[in-house]
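Step one of this worksheet: look at the structure below.
The values are calculated or read from the model by the stated rules, or taken from the named source; none is laboratory data. No experiment lies behind these values; they were computed from the predicted model shown. As a convention, Cβ positions derive from the backbone with ideal geometry for all residues, glycine included, and neighbour counts pool all protein chains shown. Please note that ligands, DNA and RNA were not included when accessible areas were found on the heavy atoms of the full protein model with its side chains. Shrake-Rupley method; radii C 1.70, N 1.55, O 1.52, S 1.80 Å.
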Amino acid sequence: MQKGFYIATERCMGCHTCEAACKNWNDVEPKVTDKPGTQGPKWRRVTNIESGAYPDAQIISVSLACMHCGEPACVAVCPAGAISKRAEDGIVVGDQNKCIGCHYCFFACPFGVPQYGSSGTMQKCNYCLDRTEKGQEPACVNSCPAQAIKAGTMDELARYTQERMARKLAGSTQPSVLISR
Amino acid sequence: MEGLQTTWGSLIAVDLFMGGLGAGCFVAAAMIALTTGERFKPTVRFGAWASAIAIAVGTLMLLTEVGKPFRALVLFKSFSNLQSWMAIGAWLVFGAILFNGLFALFWTESVLKWVGAGVKFLENRRQVFRTILAVLGIFLNLGVAFYTGMLLGVLPFRPFWNTWWLPALFTASALYTGVGLVTAYATLRERGEGAARLRKFLGVSVITLILIEGVVLGYYLHKMLQGSADATRAAQLLISGAASPVFWIIVVGLGLAVPLLVCLSKVSGPVKRARVVLPLLAITSCLLGGLALRFVVLWAGVPASLSSPSLVQILTGIRFVP
């Protein structure tokens, strides 16, 4: 079984509520340094992608976190074996007690997902396991006012998105994310 | 600097440089030991100690760059995933520090005498041990030099790094800087019978290694410029972008051209004076160039802009990926 996310960009309005809920629930530090303009790690990030040209230009907001890849590059390169892919649900998790903070996973990940806080160790989305293992939804899904994020197994998500022209994100690491536009 | 990769910074560059320098020093010292026996003992001893110390210093630099340095020191836990080139490299480097240190001890008379007083076996057969350590050490140290390139070369989403030409370049640079340092020492230190021949042989070796590094560097950049748009953009950072002053002035000018001119003048014989100044100028330039090479390669390791082309394709509606 492989769990993942579905992102409905046609519903996303770029309000960043998912980012805030993720930081709040997972107690992600707001800042690493006091340097003006710097930000702490964000396990979920809303990115605005511009396309077209005036007068047909548009901005699409897309909320992305760890892709919980089928073949995660981060797991393969981690020297300490601190990142693993859970056999039961395919979620990719990091072990803060094993990580040496070498940043090798950051360079291996095609999506720039691994991040580092003041502890020096890698941190990223863990699919809110403390919620999902109790049957609750991840904080980002639960908080989105537009219901633009959905979590579930890839089979469930594929069934759910059949009518929505959603497509699986392609890539050599097999990201577990469906996106519709 | 704007547009350059800076997550891995100066300490990693120093680590990659020192690892290569140490490996090159060992290869040079071991080759001299294997071909001339005990005749040039001071040079072999210098190369052996320099190799162990350079790799150890480089490793310390790496440790200070990671988030949890003390945790990283517990090697069997922190480097347990032997599919990772960082783990492979950590064990190679650890082995090389011990191995090169042991080789250096076998070439340090005072230590040998002290140990030999208790263990006659070691004292009597020291030349056999030296030969075995030299041969095995050459392979181990070539592995260290190669690892410094493979560490970056296996990362698929960094187009400038993800090529076999990178380990080839770093190995060539490792041998050039290491042999260069041992050559400079031999030029300044060795006198007497055979010293002139040794200096000439080492000078020719350095010229050959400069030419090899120059060709590999040129072909590497050519491949990048012919490659994907991301690889081309990264290569242009070196050729005409933010890293170009360091690349052209220090890597190419000081690192390759100045030592080449010095070696050519020394080997071909027009310059008989400046016995100290020229070797010092050449080795300083060579080492600065080698260090700067690691910096510019690290800076050019910017991520592929379309790490997931399908994401952009989906969002911009250009093409759906099935």
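Below are the figures for this structure:
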quantity	calculated
The lone exception for A:Thr38 - which of (1) polar (S, T, N, Q); (2) surrounded by fewer than 20 Cβ atoms within 10 Å (Cβ to Cβ); (3) assigned to a strand (DSSP E or B) it fails	(3)
A:His16, sole failed condition from (1) more than 9 Å from chain B (Cβ to nearest Cβ); (2) in contact with a helix residue (DSSP H, G or I) (Cβ under 6 Å, 6 or more places away or on another chain)	(2)
Filter result for the condition that a residue is farther than 16 Å from B:Leu166 by Cα, open to solvent by less than 30 Å² (accessible area, probe 1.4 Å) and modelled with pLDDT under 95, over B:Ala196, B:Ala184	B:Ala184
Some residue of segment A:54-65 being within 30 Å of B:Phe160 (Cβ to Cβ) and in a loop (DSSP other than H, G, I, E, B)	yes
Residue identified as in contact with a Phe, Trp or Tyr (Cβ under 6 Å, 6 or more places away or on another chain) and at pLDDT below 95 among B:Arg71, B:Arg130	B:Arg130
Residue satisfying all of: in segment B:1-33; of a type outside the set (Val, Ile, Thr) and outside any helix (DSSP H, G or I); nearest to the other protein chains (Cβ to nearest Cβ) among these	B:Trp8
A:Met1 in a loop (DSSP other than H, G, I, E, B), open to solvent by 30 Å² or more (accessible area, probe 1.4 Å) and within 15 Å of A:Ile149 (Cβ to Cβ)	no
Residues of segment B:215-274 classified as part of a helix (DSSP H, G or I), within 30 Å of B:Ala196 (Cβ to Cβ) and touching a helix residue (DSSP H, G or I) at 6+ places or on another chain (Cβ under 9 Å), total	16
Output for segment A:41-69, where each listed residue is open to solvent by 70 Å² or more (accessible area, probe 1.4 Å) and basic (Lys, Arg)	A:Arg45
Residues within segment B:199-224 that are closer than 30 Å to B:Phe157 by Cβ and either touching a residue at least 24 places away in the same chain (Cβ under 8 Å) or of a type in the set (Phe, Trp, Tyr) (or both), tallied	9
Any chance B:Gln83 is open to solvent by less than 80 Å² (accessible area, probe 1.4 Å) and of a type outside the set (A, V, I, L, M, F, W, C)	no
Which listed residue is at pLDDT 90 or above, within 14 Å of chain A (Cβ to nearest Cβ) and open to solvent by less than 50 Å² (accessible area, probe 1.4 Å), from B:Gly89, B:Gly47, B:Gly58	B:Gly89
Residue that is surrounded by the most Cβ atoms within 10 Å (Cβ to Cβ) [pool: residues in segment B:125-170 that are within 13 Å of the chain's Cα centre (by Cα) and among the aromatic types (Phe, Trp, Tyr)]	B:Phe170
Single residue of segment B:61-72 satisfying the filter (within 9 Å of another protein chain (Cβ to nearest Cβ) and open to solvent by 60 Å² or more (accessible area, probe 1.4 Å)) that is farthest from A:Gly101 (Cα to Cα)	B:Arg71
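Yes or no, residue by residue, for (1) open to solvent by less than 70 Å² (accessible area, probe 1.4 Å); (2) free of Cβ contacts under 8 Å to residues at least 60 places away in the same chain:
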residue	(1), (2)
B:Gln226	no, yes
B:Leu237	yes, no
B:Gly253	yes, yes
B:Cys286	yes, no
